[in-house]
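Below is one structure, written out as structure tokens, with a few remarks after it.
The values are calculated or read from the model by the stated rules, or taken from the named source; none is laboratory data. Fair warning: this is a prediction, and the values are worked out from it, not measured in the lab. Reconstructed Cβ throughout: ideal geometry from the backbone, glycine too, with neighbour counts over all protein chains shown.
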Amino acid sequence: MTETKGILVKGCLAAVLTVCLCCLPTASKAQRPLPQESGFSGYFELLGGVISSDSQLNAEGENAKTDSLDGPGQRVGTLQVVPMGLVNYTFATARTQLYFGVLPENVAEGQIQIEAGVRHDLTDGTIFRVSAVPITPLAAETWSDPYVIGQDRVKTDIDSFGVKFAAENIHNSAFNLKFGWARQKIDKETSGTFLITQPGSGLTPADLNTLDRDSDFFRLTGEYTFKLTPRMHLKPILKYTRGDAKGDANSFHGLMPQLSFQYFGNRFQAAVNAAVSAEDYDDTHPVFMKTRRDYNLGLFAILGYRAPFGLKDFRVDWFNGFFKSYSNINFYESTRLFTFLGFGYVF
């Protein structure tokens, strides 16, 4: 899951907090109660900011050509404007809610994806969710063959979809358990075809099959919320991800511990997340003749302010992220950062 690492879909895609994160809206209280009356609710937010990445897999034009596979790609900074939001419809007497968009409580933990789902609250405090993940704002494009040297690489689309199941606040215990499955397909998968045509290449047609990136991802997540004070929460999170690719060189087992701190003030809100992850791949990478081992560090923070300039139901949010990937294969090492400012309306 080299292109979509970091959300098993990618939210529950594979390793959340890698590859090109776009930032999203409103940090808010986790598991907020359902509205007392039936009807629509949600938020809309417009964000603008900068993303900078030197990943070889960053499919920006400035990074199309690489002269070496022994290190990161060109550092590319891009300006982006991102509309985000969430629309809910609540059936109050049935304690059920339909929703489409980006859940604020997921954003507060650095899990950024668009979902379409249903939530049902039990009388014991347990919240059940089932959702489809038709869209992810993470990398939608990659290189058809990332291992081209000395000439422009060609972009191709990443098609992905998935489902998520969650039991939150189980028996009013502050414990959450989540499972997700996602499928990723590279539209034009040609990894290794450039190198196999070069004089003296040791690659074989069987090696090209080992490089196939079409994958299924499975993620299991456990979370527990410690309420330090009524306004301050500390949430340890542990995620296990299995990436099952057609090519064994891209199949992996991943483990990611994460710590999320959240503050809920009357006007100010903040969320800070720190995560580390390790991914062990199944087989030798035929291009680099090593079995890949990755280690990733991530920091993600949101600062929110309600009712700026006295504007009721509006808010301002500032998003910042830093992600560092280490690997025993230099090609997969990278540093990614972003900063975004958002202006939103809550209804």
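Quick notes on this one:
- Close contacts from region 262-273, counting a first residue that is on the phi < 0 side of the Ramachandran plot and in a loop (DSSP other than H, G, I, E, B) and a second that is surrounded by fewer than 17 Cβ atoms within 10 Å (Cβ to Cβ) and among the charged types (D, E, K, R), with Cβ to Cβ under 8 Å and a gap of 6+ residues or different chains, come to 265/231.
- Residue 346 being of a type in the set (Val, Ile, Thr), in contact with a helix residue (DSSP H, G or I) (Cβ under 9 Å, 6 or more places away or on another chain) and surrounded by 15 or more Cβ atoms within 10 Å (Cβ to Cβ): no
- Strands (runs of 3 or more DSSP E) (entirely within region 96-181) containing at least 3 residues that are surrounded by 15 or more Cβ atoms within 10 Å (Cβ to Cβ), among the aliphatic types (A, V, I, L, M) and at pLDDT 95 or above: 155-168
- The single condition among (1) over 30 Å from residue 262 (Cβ atoms); (2) over 26 Å from the mean Cα position of the chain (by Cα); (3) of a type in the set (Ser, Thr, Tyr) that residue 190 does not satisfy is (2).
- Residue among 234, 177, 203, 211 that is under 24 Å from residue 327 (Cβ atoms) and touching a Ser or Thr at 6+ places or on another chain (Cβ under 8 Å): 211
- Region 29-73: number of residues that are crowded, with 16+ Cβ neighbours inside 10 Å and more than 28 Å from residue 109 (Cα to Cα): 5
- Restricting region 203-247 to residues that are of a type in the set (Val, Ile, Thr) and part of a loop (DSSP other than H, G, I, E, B), the residue that is farthest from the chain's Cα centre (by Cα) is 204.
- Qualifying positions in region 224-245 - more than 17 Å from residue 105 (Cβ to Cβ) and either touching a strand residue (DSSP E or B) at 6+ places or on another chain (Cβ under 7 Å) or crowded, with 20+ Cβ neighbours inside 10 Å (or both): 228, 238, 240, 241, 242, 243, 244, 245
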